[in-house]
Amino acid sequence: MQRTTAEGRGPVRYGPPAPQPGLPVLPELTAVLAAAAWRSAPEPTGGGVPVRAAAARHWGRRGLPTDPDHVAAGPGAPALLLALLGAYGGDVMLPRPCPAWWTPQVRLLGRRAYHVPTPAECGGVPDPYALLETVRRVRAEGGDPRVLLLSVADDPTATVPPPELLREACEAAESAGLFVVSDETWRDTVHRPVPGRSGGLGDPGGLGEGTPGGPAGSHERLVVLSPAEMLPDDTAVLLDLSGALLPAGWPAAVIRFPGTPRGTWLRARTLDVLTATGGFVAGPVAGAAAHALDEPAAVTGRAAAAAALHGTVARAAHRELLAAGVLARPPQAGRHLYADLTPLRAGLARQGVADAMELEDWLGGRLGAPTPGGQRFADEPVAPRVRLSTGPLLGATPEERLAALTATDPLDLPHVRDSLARLRSVLAGLSG
């Protein structure tokens, strides 16, 4: 995190970036970008036909038939979400915890953000009953909730909502008259095994893979659904390509609108906001985005290998957390874990750590890597919770991280072992 003073606990500009892959850019994508470097003009507002058509094919392969005219592209998910919320209007319901960048988007528009607790088994979606009760209370107090923002593969908790729970949340949203925005950035980062790699999901040393208490290898059966399959007329799907397909330095995202008159109206209003704010995709980046969305073998191979690598390291880190008495849901997707150090409060108190903000500084300093506290994710500031990223555990140099990607068992690499040993040592100092 780019912070040098305690002031950084508050300002949005010091907030944590999304977890990065920590891997070199795929050469095939670099070649595509370089070939389009002659393009000096940005894409049209909402993206040109090639990137929108590629996005439509991408969603079609995931059971969501899509017309390119119902798609818009922009320079990253934050720009698209800001435009969509600005176009739609009303207050926003969000799960607690939620991605660090969601709440600032709502507040920047002068709207109110209402956070609803997530169920015990996962993050990403609000508890359905709590959602209905919160909407009822907010409206009774004069609020105007119109949108529910959720994710089907969650940052920060690294979990995937079970289909039945997602369906219940969607039914609650429909009952409450809420339009759903589904952030599916991490959908294709589920920790599935890669053939020939050890230390995978069937690793007998694993603990709690899949759902809590689930059997080893249960990630293979993990089902990721979209609210657009359940509420096709009342759901927009947001996909930031930096989740699985592009490096974060090439900002590009796409959004799928409902194929209804209201969806057409909402897309048009969203394009107005994008135009007013200069939310255009750079031409060369749009070419790389279209190529990645079409998922050639090299792109899908890298994405699958990266997801498996982060899954292997996340499970190893999760075992270290549990061994130290830390609470954490088993990671299922993405490049991070969400840890609750409440059982270690006595040890934290000896270090002068009393809340999430102080834990963020103390733990990050000892691990030498960003460990944003739960307050960044709209969680309770008094709860000592942090998000731990797996990227820094892969190595300090591009060469080390690439070695982790290609290793038969990345946990056997000295630099990965050393990173996990440092985590173990820091946690051990809080025990007793």
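The values are calculated or read from the model by the stated rules, or taken from the named source; none is laboratory data. Not measured: the values here are computed from a predicted model. Positions of Cβ are generated from backbone atoms using ideal geometry, with glycine treated the same way; all protein chains shown enter the neighbour counts. Just the protein is used for accessible areas: all its heavy atoms, side chains included, with ligands, DNA and RNA removed. Shrake-Rupley method; radii C 1.70, N 1.55, O 1.52, S 1.80 Å.
Taking a ≥ b ≥ c as the square roots of the eigenvalues of the Cα gyration tensor, an a/c ratio of 1.5 or more together with a/b no larger than b/c marks the chain as oblate. Taking θ as phi - 60° and the Karplus parameters 6.51, -1.76 and 1.60, the scalar couplings of the range 232-237 work out to x, 8, 9, 9, 10, 10 Hz in sequence order, x denoting glycine and proline.
Selection among Ala130, Phe179, Leu85 by position relative to the dipole of the chain gives Leu85 as farthest towards the positive end (Cβ unit charges, Cα centre).
Projecting label points 7 angstrom from Cα along Cα→Cβ for Tyr129 and Ala428 puts them 4.4 nm apart.
Please give the length that would be gained between Thr342 and Ala421 if that part of the chain were fully extended, namely 0.36 nm times their separation in residues minus their C-alpha to C-alpha distance (nm, one decimal). Each step should come with its number before you reach the end.
On the way: separation 79, 0.36 × 79 = 28.44 nm, distance 2.15 nm.
Working it through step by step, the gained length comes to 26.3 nm.
Of the beta bridges in the chain, as assigned by DSSP with both residues counted there, near 50 percent are antiparallel.
A 1.4 Å probe run over the range 307-432, with the rest of the protein chains in place, finds 36 Å² accessible per residue.
Give me the number: length gained by fully extending Ala354 to Thr408, i.e. 0.36 nm times residue separation minus the C-alpha to C-alpha distance, one decimal in nm.
On the way: separation 54, 0.36 × 54 = 19.44 nm, distance 4.12 nm.
Stretched out fully, the Ala354 to Thr408 stretch lengthens by 15.3 nm.
Model label points for Ala298 and Ala37, set 7 angstrom from Cα along the Cα-to-Cβ axis, are 1.6 nm apart.
Sorted by accessible area (1.4 Å probe), largest first, how do Trp101, Trp38 line up? Mind showing how you got there, number by number?
Values: Trp101 65, Trp38 195 Å².
Reading off the accessible areas and sorting them downward yields Trp38, Trp101.
Quick one: accessible area per residue over the range 70-149, 1.4 Å probe, rounded to a whole number of Å²?
Working: 2770 Å² over 80 residues.
Averaged over the residues of the range 70-149, the accessible area is 35 Å².
Taken one residue at a time, the phi angles of the range 393-399 give Karplus couplings (6.51, -1.76, 1.60, θ = phi - 60°) of 6, 7, x, 9, 10, x, 5 Hz. Gly and Pro are set to x.
Stretched out straight at 0.36 nm per residue, the stretch from Asp67 to Arg221 would grow longer than its current Cα-Cα span by 52.5 nm.
Under the convention that each Lys and Arg Cβ holds +1 and each Asp and Glu Cβ holds -1, the size of the dipole of the chain around its Cα centre is about 540 debye.
Assuming R0 = 30 Å, what is the FRET efficiency of Leu322 and Leu108, from their Cβ-Cβ distance, to the nearest 0.05? Walk me through the intermediate numbers first.
Numbers: r = 38 Å, r/R0 = 1.27.
Computed FRET efficiency for Leu322 and Leu108 comes out at 0.20.
Which peptide among 104-117, 371-384 comes first, and what is the full order, when sorted by highest mean count of other Cβ atoms within 10 Å? Before the final figure, lay out each step's value.
Numbers: 104-117: 17.0, 371-384: 21.4.
With the highest mean Cβ count within 10 Å placed first, the list reads 371-384, 104-117.
The local environment of Val106, defined by Cβ-Cβ distances under 12 Å, has a net charge of +3 under the rule Lys, Arg +1 and Asp, Glu -1. Treating each Cα of the range 227-312 as an identical point scatterer and summing with the Debye formula, the log10 of I(q)/I(0) at q = 0.13, 0.14 Å⁻¹ comes to -0.56, -0.64.
In whole percent, how big is the carbon plus sulfur part of the accessible area of the chain, probe 1.4 Å, protein atoms only? Please list the in-between numbers first.
Working: 9430 of 16580 Å².
Solvent-exposed carbon and sulfur of the chain make up 57 percent of the total.
Taking amide H positions as modeled 1.01 Å from N, with prolines and chain starts lacking one, the residues under 5 Å from Val152 and 5 or more places away or on another chain are Asp183.
Assign unit charges at the C-beta atoms only (+1 for Lys and Arg, -1 for Asp and Glu), then state the dipole size of the range 381-432 relative to its Cα centre in Debye, rounded to the nearest 20. Show your work: numbers first, answer last.
Working: 6 positive and 5 negative charges, 71 e Å.
Once rounded to the nearest 20, the dipole reads 340 debye.
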